[in-house]
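Derivation of every value follows stated rules applied to the coordinates shown; laboratory data play no part. Owing to the predicted nature of the structure, the values given are computational and were not obtained by experimental measurement. Positions of Cβ are backbone-derived with ideal geometry, glycine not excepted, and every protein chain shown enters the neighbour counts.
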There are 4 protein chains.
Amino acid sequence: MAKTYTPEEAEALVHSHDPEHPANLICDLCREFYKLGWVTGTGGGISIRKDDVVYLAPSGVQKERIKPEHIFVLPFAQSSVPKPGSKRDFIRIPSKKGLNESQCTPLFWNAFTMREAGACIHTHSQHAVLLTLLLPRDAPSFRISHQEMIKGVRLGGVGKTLKFFETLEVPIIDNTAFEEDLTEGMAAAMARYPDAPAILVRRHGVYVWGNTWEQAKTQAECLDYLFEIACKMIQNKIPLEGDT
Amino acid sequence: MAKTYTPEEAEALVHSHDPEHPANLICDLCREFYKLGWVTGTGGGISIRKDDVVYLAPSGVQKERIKPEHIFVLPFAQSSVPKPGSKRDFIRIPSKKGLNESQCTPLFWNAFTMREAGACIHTHSQHAVLLTLLLPRDAPSFRISHQEMIKGVRLGGVGKTLKFFETLEVPIIDNTAFEEDLTEGMAAAMARYPDAPAILVRRHGVYVWGNTWEQAKTQAECLDYLFEIACKMIQNKIPLEGDT
Amino acid sequence: MAKTYTPEEAEALVHSHDPEHPANLICDLCREFYKLGWVTGTGGGISIRKDDVVYLAPSGVQKERIKPEHIFVLPFAQSSVPKPGSKRDFIRIPSKKGLNESQCTPLFWNAFTMREAGACIHTHSQHAVLLTLLLPRDAPSFRISHQEMIKGVRLGGVGKTLKFFETLEVPIIDNTAFEEDLTEGMAAAMARYPDAPAILVRRHGVYVWGNTWEQAKTQAECLDYLFEIACKMIQNKIPLEGDT
Amino acid sequence: MAKTYTPEEAEALVHSHDPEHPANLICDLCREFYKLGWVTGTGGGISIRKDDVVYLAPSGVQKERIKPEHIFVLPFAQSSVPKPGSKRDFIRIPSKKGLNESQCTPLFWNAFTMREAGACIHTHSQHAVLLTLLLPRDAPSFRISHQEMIKGVRLGGVGKTLKFFETLEVPIIDNTAFEEDLTEGMAAAMARYPDAPAILVRRHGVYVWGNTWEQAKTQAECLDYLFEIACKMIQNKIPLEGDT
């Protein structure tokens, strides 16, 4: 059974002087991601799991201006796995008003439950989107090898790091009208590609996860770098795999 | 009849400790827009309407260095609708000297009166300008569909958000020698395209509005993202509509 | 005869609490220009003339880390016009040691004497350099019309602003082995093109000036914008002049 | 024989109020390099040699978030030259825990021993990587002339600056599975190209050094600028050498 929180305990969940507290980190990282062009127009974000709760940014707010009191907190107990479209058991934080929960919640949950990830990042990076447009319409995945930055990416997002000459493979799924409806497609792709460290969503962006927020961020940066160089390689007719 | 202000009341209109006060916000947002390349060379800006007055940045000043005391304030009463070329009834703020009012005023007013917008942003973003150059010379509008970022844009700029698979349409009007002379062309395009959330001006930039400054900024970011990805799609011969 | 300065008077020339003092502005603006990619690798800079002296950044230092005490001050009296290769009559500031004067001095002086400019900016912007490489080898100048940003540029850099449909023309001169040796070529181009607001140097960068530092900066931004859009237009085979 | 340090002396090696102390500089510069896209995804970094010790950033940490207490210090005595794969004689700093030493150590050492460099920078800049992909597969080096920014680069990285019309040559070596295994290839290229100021590593990045951290940084910026403009020149079929 999920733990219950007094109003004071609930409020305390998002207020800390520790800059590494998830409620502070999410604000800080969203500001950084904004500068990278990953979360403009209120899109994208990051969710961090710590102990038995998950911290999430709200929906439809300017990600570079989020404050800790805007953060949603959801118990991680299996009984509370959020179903797309369902009402979620967010921990009620008295000072928070007038914000909506993110439609990304069940997608982040895929990473938490299927990979035991500690953090999951969603970006609308143009490099990710352009890559899904430059690859053939029926390409099931993005594949690249022989790039130093591959070495910053982990098997399945949470395992051993890949080697320079190994092929990184990131599945691509089609976008849906409602973000929540991506949940099943993302889960299916994660099951089919157990070594994939991320899921690309065509004409939309990417979901990346890691054991910790540091690893999730490192992998998001490495992958974004690879998406960018891959776009340039395709435009210059350089093969993405091999070292010719 | 428009309200009259004592010198102290007028001065108070642009001085506040609240970072969300329009006079402070305009300065803050212009600094952010400068980093995005939207308002370099003193071009572009943002106007915010609050209660019965409109706040505007002055003309010909470095937008990233504006201070609250530089902001112009104009009553929103219909009697004071600014005509292009006419003298405007700015509220006289004693401490302000030597600045010129913006030629954009009547264009911002189009958004305030025809859409009841709460804020209007004008950018010289290269993505907007390049897009008007890459599209056929006689294209009456920019049309794009099947992009996640479309979901951050509202019908007419102030209504319901668009859906992923819906077509966003932004009319393009020709530029004129004097910015004020765009007023009629912009109004005509807004009347012809009631669902348009913005007006592109060929070889010049874009006007974007919203119910609030947050929504105007969100839409300006989503549209700029779409202008940028559209330029890349055209250069790579990828159709802007459909999902092929 | 040039004024003489006591050590205290000389020291005072570069120390002020006023952020708009030239010695402070040069440091501030160089930091901003660095972010724009205009002065990386110690290249480029800005010189400001105020009253009877000229302020210049030193040579070969990281422009984003300059401090006021690094600034050189040179009397503007005609008797002290710096000749390329000659020793200059810098005002001796006791606290300054171990820095070299900039080879750009006589080039800045061209703007001060031939246009009575109050400030001159030199950038190594890639947009300027790429433009000189994309234009035909024998093109005597860069010409562009029908761009809104042209309206931020002044005739001769110091006169009336240009109109949207007017043609902006910036002469291009060849680079030389030593920066000082550009002095004559720049002066000849300025004499031949009295309306030019800047001089492009092939495979090197651009010199831009204005009546004040604000106008010089505004024009440097407008021109850099136009160089960038022109590169994109050439690469997409869009004519730089006219509105077809 | 290498000097021994008391715990207090060791701790003092990385704690200083002087912003120019290597332990502070490395943190500061890594933050700057991150903004340039040189060290994203924990890759890249800078090593500074001062007196008889070398300061290095740790491996696998976010370079923009390094703190002075994370810096590794290694004696520069010849007896302690780090062999790839060997255990290194880092000075034990009591407060440092849980960080790994960088695999780049022996590569930085190449610059310190073969060129008597005072600092060495390693970046994963996309301009460097794309350049190695755009040049012919069997090109032994990158060559460019007639660019102003060449004048910021020194012969062998530590000698006289090059001239505008001289040809800069940077050898390109193949990448290896483990970063340490680049040591020999880099040393061989440095021996074969004594005038080279840097070594490009195909599909990986670049190593740049200089007499001081300022010169290393200046050269890293000039070279990165040249890599970028060279990519654009190749894509526009403009020869990299000569002035045609």
- prompt: Where in chain C are the DSSP H helices whose C-alpha atoms run 24 Å or more along the long axis and whose mean Kyte hydropathy is at least -0.5?
  reply: C:213-235
- request: Determine the sum of side-chain charges near C:G41: Lys and Arg each +1, Asp and Glu each -1, restricted to other residues whose C-beta is under 10 angstrom from that of C:G41.
  value: 0
- prompt: Other chains near D:157-164: what is the mean number of their Cβ atoms within 10 Å of each residue's Cβ?
  reply: 1
query: Viscosity 0.890 mPa s, temperature 25 °C: Stokes-Einstein D of segment A:7-236 from its Kirkwood Cα radius, in µm² per second?
result: 139 µm²/s
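In the structure shown, do any of A:K35/A:K63; B:K63/B:K232; D:K63/D:K217; B:K163/B:K217; B:K232/D:K232 have a Cα-Cα gap over 22 Å, and if so which? Intermediate values should be presented prior to the final figure.
Values: A:K35/A:K63 11 Å; B:K63/B:K232 28 Å; D:K63/D:K217 16 Å; B:K163/B:K217 19 Å; B:K232/D:K232 16 Å.
From the list (A:K35/A:K63; B:K63/B:K232; D:K63/D:K217; B:K163/B:K217; B:K232/D:K232), the Cα-Cα distance tops 22 Å for B:K63/B:K232.
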task: Compare the Cα positions of A:L130, A:V81, A:I26 along the charge dipole of chain A (+1 at Cβ of Lys, Arg; -1 at Cβ of Asp, Glu; about the Cα centre) and return the one farthest towards the positive end.
output: A:L130
message: Using a Gaussian network model on chain D with a 10 Å cutoff between Cα atoms, which of D:K35, D:K63, D:K217 fluctuates the most?
response: D:K35
field: Distance (nanometres) between label positions extended 7 Å along Cα→Cβ at B:A12 and D:D51
entry: 6.2 nm
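Work out the FRET efficiency for B:K87 and B:T4 from their Cβ-Cβ distance, taking R0 = 22 Å, and round it to the nearest 0.05.
Details: r = 17 Å, r/R0 = 0.79.
For B:K87 and B:T4, the calculated efficiency is 0.80.
Among D:L155, B:L168, which comes first, second and so on when ranked by fewest other beta-carbon atoms within 10 Å? Kindly include the intermediate steps, with their values, before the conclusion.
Numbers: D:L155 15, B:L168 25.
By the 10 Å Cβ count, ascending: D:L155, B:L168.
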statement: Expected integer from the mean partner chain Cβ neighbour count at 10 Å over A:230-242 is 2
- request: Under a cut-off of 20 Å between alpha-carbon atoms, report the lysines in cross-link reach of B:K87, not counting same-chain residues fewer than 8 places apart.
  value: B:K3, B:K96, B:K97
Rotationally averaged projected area of segment B:1-73 (alpha carbon convex hull; nm²): 5.1 nm²
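When every alpha-carbon pair in segment C:1-139 is counted, what percent end up more than 21 Å apart? Intermediate values should be presented prior to the final figure.
Working: 4136 of 9591 pairs.
Value for segment C:1-139: 43 percent of Cα pairs lie more than 21 Å apart.
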task: May I have the pair-distance distribution P(r) for segment D:144-205, computed from all Cα-Cα distances with 10 Å bins from 0 and rounded to whole percent?
output: 23, 46, 26, 6
query: Using a label position 7 Å from Cα in the Cα→Cβ direction, what is the ascending list of nm distances from C:K35 to the same site in the other copies?
result: 0.7, 0.7, 0.9
- prompt: How crowded by other chains is C:205-214, given as the mean number of beta carbons from other chains within 10 Å of each beta carbon?
  reply: 1
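Over all directions, how big on average is the projection of the convex hull of the alpha-carbon atoms in the protein assembly as shown, in square nanometres?
Working: hull surface 164.9 nm².
Taking the Cα atoms of the protein assembly as shown, their convex hull projects to 41.2 nm² on average.
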query: Put the label 7 Å from Cα along Cα→Cβ for A:D138; what are its distances to the other copies, in nanometres, shortest first?
result: 3.8, 3.8, 5.3
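Per residue, how big is the convex hull around the C-alpha atoms of segment D:180-244? Give it to me in cubic angstrom, could you?
Working: hull volume 7.7 nm³, N = 65.
Cα-based convex hull of segment D:180-244, divided per residue, equals 118 Å³.
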query: Can you sort B:R143, B:R92, C:R88 so the residue with the fewest Cβ neighbours within 10 Å comes first?
result: B:R92, B:R143, C:R88
- request: For segment C:67-140, restrict the atom set to alpha-carbon positions and state the Rg and Dmax in Å.
  value: 15.9, 49
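Give the relative contact order (percent, whole number) for segment C:7-236; include only Cα pairs under 8 Å separated by 6+ residues. It would help to have the intermediate numbers written out before the result.
Working: 456 pairs, mean separation 44.0, N = 230.
Over segment C:7-236, the number comes to 19 percent.
Which ordering of D:T244, A:T105 is given by a fewest-first count of other beta-carbon atoms within 10 Å? Each step should come with its number before you reach the end.
Working: D:T244 7, A:T105 24.
So the residues, fewest neighbours to most, are D:T244, A:T105.
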field: segment A:72-193: C-alpha pair distances exceeding 21 Å, %
entry: 49 percent
